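Enquirer: Below are the structure tokens for one structure; questions will follow.
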Amino acid sequence: MTQKVKEIFGGGTGASASSSSSPSQPSPPPPAALAAKVRTLAPSMTRSMQRVAEAVAGDPAGCAALTVTGLAELTGTSEATVVRTARLLGYPGYRDLRLALAGLAAQQQSGRAPAITTDIAVDDPIADVVAKLAYDEQQTLADTAAGLDTVQLGAAVTAAAAARRIDVYGVGASGLVAQDLTQKLLRIGLIAHAHSDPHLAVTNAVQLRTGDLAVAITHSGTTGDVIEPLRVAFESGATTVAITGRPNGPVTQYADYVLTTSTARESELRPAAMSSRTGQLLVVDCLFVGVAQRMYETAAPALSASYEALAHRHR
């Protein structure tokens, strides 16, 4: 085995990677994940729920001191709306949300994040552009990691490792991520295909059966050219996975497992596709490494062989 392969796998066997094969009720998100949850879920909330979510994310210390009635009055909503918002954010009830808010407030007081805005002006010095983009990329990765359901991820890893064939659907920037995932899977000996042409995607999805895996990548969760082949694959009996920034988007109704990415804020000089792709690539890497761990005995030799086959091209 080459040194490069050993570095990727850390020299361990990885065969006993602990990923659950079936999803269970996720635990409430930790305090640090609260702001990421709000950014991810806010677009799918009602306006009244958005007011509650924005209030708790904007002033966790102040809201932690409020009763459910107090927060409802502060946001001009109802107690029922406050409780529904807490549950949508992943907490069993308002009491659990208050505990998370108190924890988040304590973390912020001990060490606040850098005061950097990612709004890039047309006359910004290039050094400021670098700093702002770097901070935004770091925030995207942190938000995606905080909001990623590892139970769903583990189930997707199990399905991919056992799949006879894997089809990945994505268009535009998500199409580049789809290609990245399939190239990784091919290098560890799996049969994987990326489809950015919607006609080819559907005609291939029709051929999928039980034991196959279909992965749809769409930041918006509403891309018809990605949803349609996933629906066909789902109805054909394949296991399906959606990688999306909208956990309640239309694509998820045809997904057995949903892997959520951070919801990016778009600006004039930085389209949302840039940071959304950053989150997608993190999820893809997590999925790939999980599969490689699960299949270590066959994946490591396959990866080593692919490095050796290309070695002469780098001399």
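The values are calculated or read from the model by the stated rules, or taken from the named source; none is laboratory data. Note that this is a predicted model, so its numbers are computed, not measured. Here the Cβ positions follow ideal geometry from the backbone for every residue, glycine too, while neighbour counts run over all protein chains shown. Heavy atoms of the whole protein, side chains included, go into the accessibility calculation; ligands, DNA and RNA do not. Shrake-Rupley method; radii C 1.70, N 1.55, O 1.52, S 1.80 Å.
Enquirer: Of all accessible surface on region 178-236 at a 1.4 Å probe, what whole percent is carbon and sulfur?
Expert: Details: 1340 of 2590 Å².
Looking at region 178-236 in its full context, I get 52 percent from C and S.
Enquirer: Place a point 7 Å from Cα of Arg87 in the direction of its Cβ. Which residues in region 218-262 have their backbone N less than 18 Å from it?
Expert: Only 248 pass the distance filter.
Enquirer: What's the local net charge at Thr67, with K and R +1, D and E -1, over the other residues with C-beta under 15 Å away? It would help to have the intermediate numbers written out before the result.
Expert: Numbers: positive: Arg95, Arg98; negative: Glu73, Glu79, Asp96.
With Lys, Arg at +1 and Asp, Glu at -1, the net is -1.
Enquirer: Assign one of three labels to region 191-315, namely rounded, prolate or oblate, based on the Cα gyration tensor with a ≥ b ≥ c the square roots of its eigenvalues; rounded applies when a/c is under 1.5, prolate when it is not and a/b is larger than b/c, and oblate otherwise. It would help to have the intermediate numbers written out before the result.
Expert: Working: a/c = 1.88, a/b = 1.24, b/c = 1.51.
It comes out oblate by the Cα gyration axes.
Enquirer: Turning to a different aspect of this structure: Run the simple label-point estimate for Gln107 and Thr69 please: 7 Å along Cα→C-beta, distance reported in nm.
Expert: 3.1 nm
Enquirer: Oh, and also: Against the globular-protein guess of 2.2 N^0.38 Å, express the Cα radius of gyration of region 196-242 as a ratio, rounded to two decimals.
Expert: Working: Rg = 9.6 Å, N = 47, 2.2 N^0.38 = 9.5 Å.
Region 196-242 yields a ratio of 1.01.
Enquirer: Here is a follow-up. Quick one: net charge around His195, please, counting Lys, Arg +1 and Asp, Glu -1 for every other residue with C-beta under 15 Å from its C-beta. Walk me through the numbers on the way to the answer.
Expert: Numbers: positive: Arg165, Arg231; negative: Asp167, Asp180, Asp197, Asp212, Asp225, Glu228.
Around His195, the charge tally is -4.
Enquirer: Mind checking the log10 I(q)/I(0) for region 37-95 at q = 0.15 Å⁻¹? Debye, one equal scatterer per Cα, no solvent, two decimals.
Expert: Here the Debye-derived log intensity ratios amount to -0.34.
Enquirer: Around Glu54, with a cut-off of 11 angstrom between Cβ atoms, what is the net charge of the other residues, counting Lys and Arg +1 and Asp and Glu -1?
Expert: Numbers: positive: Arg39, Arg47, Arg51; negative: Asp59.
Cβ neighbours under 11 Å give a net charge of +2.
Enquirer: Hey, can you grab everything whose amide H is under 5 Å from the amide H of Ala216? Only 5+ residues off in sequence or another chain; H modelled, so Pro and N-termini drop out.
Expert: Close amide H contacts, sequence-distant or interchain: Tyr169, Val241, Ala242, Ile243.
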